[in-house]
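These notes concern the structure reproduced below.
The values are calculated or read from the model by the stated rules, or taken from the named source; none is laboratory data. The structure presented is a predicted model; accordingly, all values stated were derived computationally and were not measured. Neighbour counts run over all protein chains shown; Cβ positions are idealised from the backbone, glycine included. Only protein heavy atoms, including side chains, enter the accessible area calculation; ligands, DNA and RNA are left aside. Shrake-Rupley method; radii C 1.70, N 1.55, O 1.52, S 1.80 Å.
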Amino acid sequence: MAYYRQVGEIPRKRHTQFRDPDGGLYAEELMGVEGFSADSALLYHRFLPTAIVDAQTVEDTRGTTTPNLPLKPRHFKTPALSWPDGGVDAVTGRRTLFGNADVTIGFVVADAPSPLYRNAAGDELLYVRQGSGTVETIYGAITVGDGDYVVIPTSCTYRVVPDQAMDILVLEATGHIGPPKRYLSAKGQFLEHSPFCERDLRGPTAPLLVDGEDVDVLVRHRAGLTRFTYANHPFDVVGWDGCLYPWAFNIRDFEPITGRVHQPPPVHQTFEGPNFVVCSFCPRKVDYHPLAVPVPYNHANVDSDELMFYVGGNYEARKGSGIGIGSLSLHPSGCTHGPQPGAVEASLGVEYFDETAVMVDTFRPLELGEAALATEDPKYAWSWARRGPDLE
């Protein structure tokens, strides 16, 4: 995204001599995407960011995924997932829920600092359902809490340090994640019809300047995982500027777009990635035509799988289906889905929905990871007909 920021100390001109108080040169690092043809940031290190002293292959325990067979709507319960007592971090503690060639979706309840980590295969999007902490990066730190999205650019070294246990939904893309292009001007400014804008975004405001030698960084790349050991701590940046950096946005700052009749899901769109979109369903005044039906109409996902993560309030269209806070529903392409029986009638005349959910629509089928398979509610697919093979 093209929202320029400057943090810490930088020279007046790019690619010119910039010296520390002792007269030594700081080391430039250009972080850029699309081969020097798109957004970038220029960072100034106290030490060489290229100085590695060791590299070791690390076993990738993320696991494989399996197709959604037989094809059917599914319901998963993240509160049923379990981790060891204490010492779980937001990187190595992730458990895989879903995945395809474009995105891997995981979940973790983290209560310990993560190792330094860099995803060199694509951007990451973290959603903090509850808890609080700090995302420390080479650009500086961002304090995060309930309802925060955090966008972490490809190859940004970071770690997550919880203050209290953090429930985090993690999207690992194979490309870049940003605001929908239709919300932005040709020069990258948020337009007037956008449901959020630059004032809602939070980025690092000061360098971290952490000292250390022989520091390990876990790196995910296209071939797997490698642990690099750096001669000096990567958080040695004295300043940076540019348009490529990590940033946070709270779902409560999303301003819902409403109408006289029911609005389609694209009005809730918040981010776009390679072959997927992310939407935010927030508390809002609902349809105000005198004959409006406020809950969604039945619809077929002709080109996408729809994954909904329920994070707050009461989701009107799913009452009576066992859906609760922390649930995930998956409605795949090839299945028509819609409100639960009785939800349409119950919604008539309702003026306000108190519900919060994060939706991910993928344009290639989502496969199921071990964490999804471990927490599935087998009765969900039959909840519309109220009869089926898993019902008593």
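For segment 300-392, the solvent-accessible area with a 1.4 angstrom probe is 45 square angstrom per residue. Across segment 373-379, coupling constants 3J(HN,Hα) worked out from phi with the 6.51/-1.76/1.60 Karplus curve, θ = phi - 60°, read 4, 6, 10, 6, 8, x, 8 Hz, and Gly and Pro carry x. For the set 220, 260, 199, 252, solvent exposure ranked by accessible area (probe 1.4 Å, protein chains only) runs largest to smallest as 199, 252, 260, 220. Solvent exposure of residue 268, expressed as accessible area, is near 10 Å², computed with a probe of 1.4 Å over the protein chains only. Phi angles across segment 5-17 convert, under the Karplus curve 6.51 cos²θ - 1.76 cosθ + 1.60 with θ = phi - 60°, into 3J(HN,Hα) values of 9, 10, 10, x, 9, 9, x, 5, 10, 5, 6, 10, 4 Hz, Gly and Pro given as x. Heavy-atom accessible area, probed at 1.4 angstrom with all protein chains present, ranks 9, 306, 28 as 9, 28, 306, highest first. For the chain, relative contact order (Cα pairs under 8 Å, six or more residues apart, normalised by length) works out to 21 percent. Among 302, 238, 160, the largest mean-square fluctuation in a Gaussian network model of the chain (Cα springs under 10 Å) belongs to 302.
Find which of 16, 359, 171 sits farthest along the positive direction of the dipole of the chain, computed with +1 on the beta-carbon of Lys and Arg, -1 on that of Asp and Glu, about the Cα centre. So the residue we want is 359. Pairs of Lys residues in the chain, spaced 8 or more positions apart or belonging to different chains, with C-alpha separations under 17 angstrom: 4 in total. Of the residues 80, 293, 116, the one whose Cα sits farthest towards the positive end of the charge dipole of the chain is 293 (charges of +1 on Lys and Arg Cβ, -1 on Asp and Glu Cβ, taken about the Cα centre). In this structure the amide hydrogen of residue 286, modeled in the peptide plane, comes within under 5 Å of the amide hydrogens of 352, 353, none closer than 5 places in sequence on its chain. Scanning residues 5 or more positions from residue 301 or on other chains, those with amide H under 5 Å from its amide H are 334, 335, 337, with H placed 1.01 Å from N in the peptide plane. Around residue 30, with a cut-off of 14 angstrom between Cβ atoms, what is the net charge of the other residues, counting Lys and Arg +1 and Asp and Glu -1? Once all neighbours under 14 Å are counted, the net charge is -4. In the chain, helices alone account for a calculated mean residue ellipticity at 222 nm of -500 deg cm²/dmol, with every DSSP H run of four or more residues adding -39,500 (n - 2.57). Phi-derived couplings, Karplus 6.51 cos²θ - 1.76 cosθ + 1.60 at θ = phi - 60°, listed residue by residue for segment 31-43: 9, x, 10, 6, x, 6, 10, 9, 4, 7, 9, 10, 10 Hz, with x used for Gly and Pro. Between the residues 245, 35, 197, the greatest Cα displacement towards the positive end of the dipole of the chain, with unit charges on the Cβ of Lys, Arg, Asp and Glu, is found for 197.
Magnitude of the charge dipole for the chain, about its Cα centre and with charges confined to Cβ atoms of Lys, Arg (+1) and Asp, Glu (-1), is about 880 debye.
From most to least packed by mean Cβ count within 10 Å, the peptides 384-391, 341-348 give 341-348, 384-391. Net charge of the neighbourhood of residue 201, taken over other residues with C-beta under 13 Å away and scored Lys/Arg +1, Asp/Glu -1, is -1. Per-residue SASA remark: residue 40, around 40 Å² accessible (1.4 Å probe; ligands, DNA and RNA not included).
Near residue 153, within a Cβ-to-Cβ distance under 14 Å, what is the net charge of the other residues, with Lys and Arg +1 and Asp and Glu -1? Taking every Cβ under 14 Å from that of residue 153, the sum is -3. Taking amide hydrogens as placed 1.01 Å from N in the peptide plane, the amide H of residue 134 sits under 5 Å from those of 144, 161, 163, each at least 5 positions away in sequence or on another chain.
Largest GNM mean-square fluctuation across 135, 109, 261, computed for the chain with C-alpha springs under 10 Å, falls on 261.
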